[in-house]
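Shown next, in structure tokens, is the structure this report addresses.
The values are calculated or read from the model by the stated rules, or taken from the named source; none is laboratory data. Source: prediction; values computed, not measured. Quick reminder, even Gly has a Cβ in these numbers, built from the backbone with ideal geometry, and neighbours come from all protein chains shown. Note: accessible area is taken over every heavy atom of the protein model, side chains too, but ligands, DNA and RNA are not part of it. Shrake-Rupley method; radii C 1.70, N 1.55, O 1.52, S 1.80 Å.
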Amino acid sequence: MKILVTGTAGFIGYHLAKKLLERGDEVVGIDNINDYYDVNLKFGRLKDLGISKDEIKENIAVRSSIFPKHTFLKLDLSNKEGMDKLFKEEQFDAVCNLAAQAGVRYSLENPYAYIESNVLGFLNILEGCRNHNVSNLAYASSSSVYGLNKSQPFRTSDKTEHQVSVYAATKKSNEMLAHTYSHLYGIRTTGLRFFTVYGPWGRPDMAPMLFTDAILNDRAIKVFNYGKMSRDFTYIDDIVEGLIKVIDNPAEKNTKWNAEDPEIQSSSAPYHIYNIGNNAPVDLMEFITTIEKTLGKVAEKEMLPMQPGDVESTYADTTELTENFNYKPNTSLDVGVEKFIKWYKEFYTL
């Protein structure tokens, strides 16, 4: 397949692009390489895909020196003309949208960046698919759409009407827009609600990197809600496995739809939402202990109250993904943390 992967300088996008290329797909990657976090990490990911920092120029395709079937463009999703040109010239078989302005807490400081990238940018993706006959779209949603929902584990059938951050609200809007385009134009859309992804090449604003960096450099780690939190930590390889399954098997029209039956999914569109997580939440203090054991060093801890826009717990019900694709994460926390820290020490040459 010829696949557009957005956000290939990002954590998940990089890993997905590499896996697709290794199995022989043709991948066009795009990213705006913004400075939300250290761009050297983004350039490092691209280098591992064979894309040299020195060759990257705005909206000009660069060919990989490692993967013959890979090209990269520095392009912002919100660039309507650039996105339309890309779709017109490349004629993709499938699209996987992983580009977004990330970060729950930063969305409280700079909400406009999230609307521009996550809403306007996603609309440009949908319009590209509609105008250039791409019927297979997978995209990143987030566990943050569950917001104030207290039911555990989170199920895709749960109501998701009360988000607690601008980031979460933009991800919910993506799901609503995707359904609209599925209904109106028959685009087969699949959204994946990610649950706390971690692993090598991870984001420096996420807990694994923040904790590891602080511990190794003798700084206190910030422990929010006084440690009374849990997360469904999911290793990156398990996430990529699920992504590839939905790319290879796009959503089908719901032929069982019956508008008068409340037990039946209330749409006939070729649209689906899945949770993708480890289906096994871990207490925050246990996660910290696992990092401490792997590093052989105990963290100094600064216990703090809950942050605005955050939630106490996430827990993914992945039943549908398992039933439809035989999906089952198989990376334990100990193994995942060990692999992450090994990469961290190599990349930052401590």
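Heavy-atom surface analysis with a 1.4 Å probe gives the range 63-150 a carbon and sulfur content of 50 percent of its accessible area.
Dividing the mean sequence gap of close Cα pairs (under 8 Å, 6+ apart) by how many residues the chain holds gives a relative contact order of 17 percent. Our coupling estimate for the range 3-9, obtained by passing each phi through the Karplus curve with A = 6.51, B = -1.76, C = 1.60 and θ = phi - 60°, is 10, 8, 10, 8, x, 6, 8 Hz, Gly and Pro reported as x. Net length available on complete extension from D334 to E300 is 10.2 nm, with 0.36 nm assigned per residue and the Cα-Cα distance removed. Taking amide H atoms as placed 1.01 Å from N in the peptide plane, the amide H of G147 lies under 5 Å from those of V164, each 5 or more residues away in sequence or on another chain.
Comparing N149, N330, N217 in a Gaussian network model of the chain where C-alpha atoms under 10 Å apart are linked, the largest mean-square fluctuation is found at N217. Rolling a 1.4 Å probe over the heavy atoms of the protein chains gives the chain an accessible area of 46 Å² per residue. Remark: the R63-D84 segment gains 5.5 nm on full extension, using 0.36 nm per residue and subtracting the alpha carbon distance.
Highest mobility in the GNM of the chain, judged by mean-square fluctuation with C-alpha springs under 10 Å and restricted to D237, D317, D218, is found for D218.
Between F154, F195, F233, the Gaussian network model of the chain with springs among Cα atoms under 10 angstrom shows the greatest mean-square fluctuation at F154.
Distances between placed amide hydrogens fall under 5 Å for S142 paired with F194, all partners being 5 or more residues away or on another chain.
Taking the dipole about the Cα centre of the chain, with the C-beta of Lys and Arg at +1 and of Asp and Glu at -1, give me whichever of Y344, A220, T196 is farthest to the positive side. So the residue we want is Y344. Here are labelled values, [x] 0.93; [y] 0.95; [z] 1.23, and one is the computed Rg/Rh (Cα atoms, Kirkwood Rh) for what I pasted. Which one? Label [y] holds the value from this structure. In order along the range 24-32, the Karplus-derived 3J(HN,Hα) couplings, from 6.51 cos²θ - 1.76 cosθ + 1.60 at θ = phi - 60°, round to x, 6, 8, 10, 9, x, 9, 6, 8 Hz, and Gly and Pro are given as x.
Grab the DSSP H runs of the chain that are 4 residues or longer, score each as -39,500 (n - 2.57), total them, divide by all residues and round the 222 nm result to the nearest 500 deg cm²/dmol.
Details: 12 runs with 129 residues, N = 350.
Taken over the chain, the calculation gives -11000 deg cm²/dmol.
Note on the range 276-318: along the principal axes its Cα atoms extend 34, 26, 11 Å, ordered by decreasing extent. Of all lysines in the structure, those lying under 16 Å Cα to Cα from K47, and not within fewer than 8 positions of it along the same chain, are K18, K19, K57, K69, K74.
Normalising by residue count, the range 113-218 has a Cα convex hull of 140 Å³ per residue. The alpha carbons of the range 22-107 give a radius of gyration and a Dmax of 13.4, 39 Å, in that order. Beta bridges assigned by DSSP with both partners in the chain are antiparallel in approximately 10 percent of cases.
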